[in-house]
Structure formats: structure tokens, C-alpha cells
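The values are calculated or read from the model by the stated rules, or taken from the named source; none is laboratory data. Quantities reported herein were computed from a predicted structural model and do not represent experimental measurements. All Cβ positions, even for glycine, are placed from backbone atoms using ideal geometry, and neighbour counts span all protein chains on display. Side chains are part of the model used for accessible areas, which takes the heavy atoms of the whole protein and leaves out ligands, DNA and RNA. Shrake-Rupley method; radii C 1.70, N 1.55, O 1.52, S 1.80 Å.
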Amino acid sequence: SMDQKNSITVLEADADSLEIQLLKLIPGFSEIRQKTNWRDIQSSLQAGEAAIEISRIPYNVSPLAKKVIYVASIIVPESAQPNFIPLCNEDDLSIILDYGEENKKSTINKLYTYSYNGQNLFHSVWAPIDSLMTSVKKIYLSPDGLFHRINISAIPIDSKRILENLYD
């Protein structure tokens, strides 16, 4: 029908405009896309290793409102292509990181204590990719944005263990 053709045309135009937006929003996006071939990264990984790149991606919710989401791209030796996993949005992450600002030491202690804010950190940052890490022993991480403020290996998995206990 004519309506379906019109809506398909609109969707295609939206997709094109999104790609153009990405190319404009992220300086050097097209060069990065050409330079970094994920297969080069994959070929340098050994069995049991993973490369995780965190990307901070701004997008427009409306003409006046921008949001930022963090996405992990994960490469393991046996994957046919990288996995792209949405993690959390920046607003939520900054609330977790700045939780209980009475003093810096107490904030950091609470951040990495599972019963306080550690479980929020785990669920926002690590839980979405946890199932892909079953055969992984060593991780190469490339952080972006607020992820530079997080000690990934200190994130608590539960009240007794932290990520460092599972990975190199």
C-alpha cells in the first residue's frame, strides 16, 4: 500500500539521517571506522581473552534534549562479529558515582561495597555483558567518559567477591 511505502521511505530517511548525525557528532568517526578494523584486534587476542571498548554516545531525545548512553563493543577470538551491548545512560551512572557525597572516601567505599552502591554499579556497568564473559579470563578494556572514574576490577559481584577475583 501507499502508506507502507511512505513509512518505509520515512524509516530509511531516519536511518540515513542518524548515520549522518553520528558522522557529524563524533569528530573523526569515519576515519576511526576505517582505521580500526575489529578483525585486527580479534587476530591479536588469544583464547580466553576479550577486548571491550566502552563508547559514550550522545543522541537527541528531542530537538531540545540530549541524552548520552554507554555502549560496550566486545570482541572475542571466536566471535563472527563484535557484540554491541547497551550498558546504561550517563545520568544514571553519574548518580551512582556521586552517591552520598558527604566525603570522598566514604563515597568510594560505598561505591565498591555491594550492599551500598556496589550492586547498582555492577548492574549498570557489568551485568549486561556478564553472560558473554563465561570463557574469558583476561580483559583488555578501553574506557570512555565517566568509565574513566571506575575501577572495573573493584566492582563487587556479590557481598564476597569483586571482578578482579574472576579476571586478569
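Number of residues in the range 44-90 that are more than 15 Å from His123 (Cα to Cα) and either among the charged types (D, E, K, R) or in a loop (DSSP other than H, G, I, E, B) (or both): the value is 22.
If you go through the range 127-165 and keep only what is of a type in the set (Gly, Ala, Ser) and either more than 19 Å from Asp91 (Cα to Cα) or free of Cβ contacts under 8 Å to residues at least 40 places away in the same chain (or both), you end up with Ala127, Ser131, Ser135, Ser142, Ser153, Ala154, Ser159. Would it be correct to say that Glu19 is more than 20 Å from the chain's Cα centre (by Cα), of a type in the set (Asp, Glu), farther than 30 Å from Leu166 by Cα and at pLDDT below 80? Spelling it out, it is not the case that Glu19 is more than 20 Å from the chain's Cα centre (by Cα), of a type in the set (Asp, Glu), farther than 30 Å from Leu166 by Cα and at pLDDT below 80.
Which members of the range 108-149 meet the condition of being over 27 Å from Ser79 (Cα atoms), outside any helix (DSSP H, G or I) and among the β-branched types (Val, Ile, Thr)? Selection gives Thr113 alone. For Asp168, state whether it is within 24 Å of Gln42 (Cβ to Cβ), in contact (Cβ under 8 Å) with a residue 24 or more places away in the chain and not in a strand (DSSP E or B). Yes: the conditions hold for Asp168. Figure legend. Inter-residue proximity from the range 53-68: first residues without any contact (Cβ under 8 Å) to a residue 40 or more places away in the chain, second residues part of a loop (DSSP other than H, G, I, E, B), beta-carbon distance below 6 Å, spacing 6+ or different chains. Indicated pairs: Lys67/Val61. Among the residues of the range 98-111, are any closer than 25 Å to Tyr167 by Cα, at pLDDT 75 or above and open to solvent by 60 Å² or more (accessible area, probe 1.4 Å)? No: zero hits.
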